[in-house]
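What follows is a set of notes on a single structure, which appears directly below.
Rule-based calculations on the coordinates, nothing more; no lab input. Since the structure is predicted, the reported quantities are computational estimates derived from the model, not experimental observations. Cβ sites come from the backbone with ideal geometry, for glycine too, and all protein chains shown count toward neighbours.
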Amino acid sequence: MEWQGWFALGLTAAALLLMSVGRFAPHLVMMAVLIILSAIGILDAEQALAGFSNSGLITVVAMFVVAAGIHHSGGVDLVVNHLLGSPRSQRRAQARIIFPVAVFSAFLNNTPVVATMIPAVHTWSRKIGIAPSKLMIPLSYAAILGGTVTLIGTSTNLVVNGQYQDLTGGPGFSIFSITAVGLPVAIIGLLTMLLVMPRLLPDRKDQQKFGSMREFTLEVAVALDGPLVGKTVGQAGLRDLDRLYLVEIERDGSVVTAVPSEERLQGGDRLVFAGDTQAISDLLRINGIVPSVHDDEPSLSKDRAERRLVEAALSPQSDVLGLTIRDARFRDRYGAVVLAVARGGERVSGNLGNIRLKPGDVLLLEARPAFVSRQRYAKDFLLINDLGTEAPRHERAYLAWGILLLLIAAVTAGLLSMLNAALVGAGLMILTGCCSVSQAQKSVDVPVILTIAASFALGSALEVTGAASYAATLILSASSGDVLLTLLLVYVAVSALTEVVTNNAAAVLVLPIVLSMTATLGAPAEPFVIAVMMAASASFSTPLGYQTNMMVFGPGGYRFSDFLRVGTPMNLFIGAVTVVVIALVYDIPLA
């Protein structure tokens, strides 16, 4: 192997390290890798940019729009309202969640399914008296398992299929090619969850982690003829208080949100602060500040067009991770103010400005109306509960489901390719009004798309430089050429990578190595490719390993240790079941 191969392996190791530490967003790391490979000449322009035109990637984009049509038409809500009901036990409650979610996730992207279900399950849990912590992990795991049943169940399956077509020149997999493996694994996994999870999951009652607005905000007023009238917020010394943040100003029936330092105060202004509520005495010591005359009706309890109250969880790709709230400068960065922070299901008390932010922290934000639409692009937050979201177009719910079924039927009958069916389905969702053009645009996860497309460049570099063949030789020597052991090692390698980097990147990097191995072994590639798909999706051990895990982390009131305790055995069990099922389906000897 020449220097190009060693360089590609070193670059792969560096990229994995940078993504695993979480300091840099995966799409930035992979785009940097693409630039390096192209700049030094290991890949030409066509090879470096091939991922952006890959059929699997374009199919993923189209399926995001199809899922948006189901989501915004209220298609999931339509089914949920008929299925949840009033179960008599935790096990029955979990069953009413996991089986429908697994079916949805077999044909829709997991993220909108779980995003739709979280508020519904949260409200339902209070109604039936079962802690959300008993329901949220099963919700996420069911979505993960359901995604392994069909080719369109997850973006990973589609991407691997597209890369497989590019590398082999073959026709790729059909929509139900992986069902013979994915369906038994999903059924066994779901039944196992029902058997053991009621005992393993923590029982943390929903304590309304943010409680009443009055618990963490305080209000004062500007004296009518006081010395602060006419001064800016900055000149009045209200911008840099040690333990408090100025959230908003209520003035003459209107509200000024995310107040700028240049805003001039007027007599009678009602000022809302967030932070250490014990600091009220310090605030009232400021000359010109008087107690609010509306203590019976907190300002934040009233609906205002100028404001959105949003509960949002910090994503692992957020730019503010590791910073204190004060240093993160939410007002300047996002046009929002942090009212409170919850971690592990409980509000974090103390000085709000000194709280250092971590992935999965749930923030209660007072934001401007444009915040929600902007963050759907930025992906700094996993929005959990937006109090001002658009109402679904319920009258189009049946139409949206009909379009999805039509898409599946066309692919199954061979009338359309997976790519063309997804594109037609996306177009129909927009044309029929199941989702708007704006909603379709927001549904496309741009960082994920960039990560996938750039990962193809690194996978291609491993292939053309001979690094993939070299890595394949090492794995084959470790398995002594035994097909079953090689299959197991492939699954373990992808599963381990998925826990520390994105599942799509893990699959794309390993696939060229797998194809080199199967060529050397003289074994069919299909079972190994399916093992890559399954391992990349089956990520249960940490909230960071899969986006739906992170989405339920805050609403379920979980701690990191909860995922380790429940998810690690799940990872091992599903891995063993998957390898055995693949061996049985493809006649690989088990002994």
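For the chain, the longest principal axis of the C-alpha atoms and the axis of helix 110-128 are separated by about 50°. Panel order for Thr59, Thr432, by other beta carbons found within 10 Å of each beta carbon, from fewest to most: Thr432, Thr59. Projected label points at Val585 and Leu83, each 7 Å from Cα along the beta carbon direction, are separated by 2.2 nanometres.
Shown for the chain: lysine pairs separated by 8 or more places, or found on different chains, whose C-alpha atoms are under 21 Å apart, numbering 8.
Kirkwood radius for the chain, taken over all pairs of different Cα atoms as the inverse mean of 1/r, rounds to 25.5 Å.
When the convex hull of the C-alpha atoms of region 107-148 is computed, what volume per residue in Å³ does it have?
Details: hull volume 2.5 nm³, N = 42.
Each residue corresponds to 59 Å³ of Cα convex hull volume.
Volume per residue of the convex hull around the Cα atoms, evaluated for region 505-591, comes out as 101 Å³. The ranking of Ser261, Ser89, Ser479, Ser537 from fewest to most other beta carbons within 10 Å of each one's beta carbon is Ser89, Ser261, Ser479, Ser537. Phi angles of region 508-525 translate, via the Karplus equation with coefficients 6.51, -1.76, 1.60 and θ = phi - 60°, into HN-Hα couplings of 5, 6, 7, 4, x, 5, 5, 5, 5, 5, 5, 5, 5, 6, x, 9, x, 7 Hz per residue; Gly and Pro are given as x.
Considering only GluC sites (Glu not before Pro) in DSSP loops that have at most 11 other Cβ atoms within 10 Å, the longest stretch of the chain without any of them is 3-261.
Which FRET efficiency value, to the nearest 0.05, do you get for Arg264 and Lys127 by plugging their Cβ-Cβ distance into 1/(1 + (r/R0)^6) with R0 = 45 Å?
Values: r = 48 Å, r/R0 = 1.06.
E(calc), rounded to 0.05, equals 0.40.
Here Leu43, Leu399, Leu145 are placed in order of increasing Cβ neighbour count within 10 Å, fewest first, which gives Leu399, Leu43, Leu145.
For the chain, the relative contact order works out to 22 percent when only alpha carbon pairs closer than 8 Å and six or more residues apart are counted. For Leu228, no residue has an amide H sitting under 5 Å from its own, ignoring neighbours fewer than 5 places away on the same chain, with H placed 1.01 Å from N.
For the chain, the longest principal axis of the alpha carbon atoms and the long axis of helix 3-21 meet at an angle near 40°. Backbone geometry of region 414-426 corresponds, through the Karplus equation with coefficients 6.51, -1.76 and 1.60 at θ = phi - 60°, to 3J(HN,Hα) couplings of x, 6, 9, 6, 4, 4, 5, 5, 5, 5, 4, x, 4 Hz, x marking Gly and Pro.
Under Stokes-Einstein, with the Kirkwood radius over Cα pairs as Rh, the value for region 153-203 at 20 °C and 1.002 mPa s is 161 µm²/s.
Over region 88-188, one equal point on each Cα, no solvent: what is log10 I(q)/I(0) by the Debye formula at q = 0.22, 0.24 Å⁻¹? The Debye formula, applied to the Cα set alone, gives -1.04, -1.16. Normalising by residue count, region 1-142 has a Cα convex hull of 153 Å³ per residue. Given their separation in residues at 0.36 nm each and the Cα-Cα distance between them, Asp482 and Glu46 gain 153.3 nm when the chain is fully extended.
Karplus-based coupling profile of region 149-159, in residue order and whole Hz: 7, 10, 5, 8, x, 9, 5, 4, 4, 5, 5, with θ = phi - 60° in 6.51 cos²θ - 1.76 cosθ + 1.60 and x standing for Gly or Pro.
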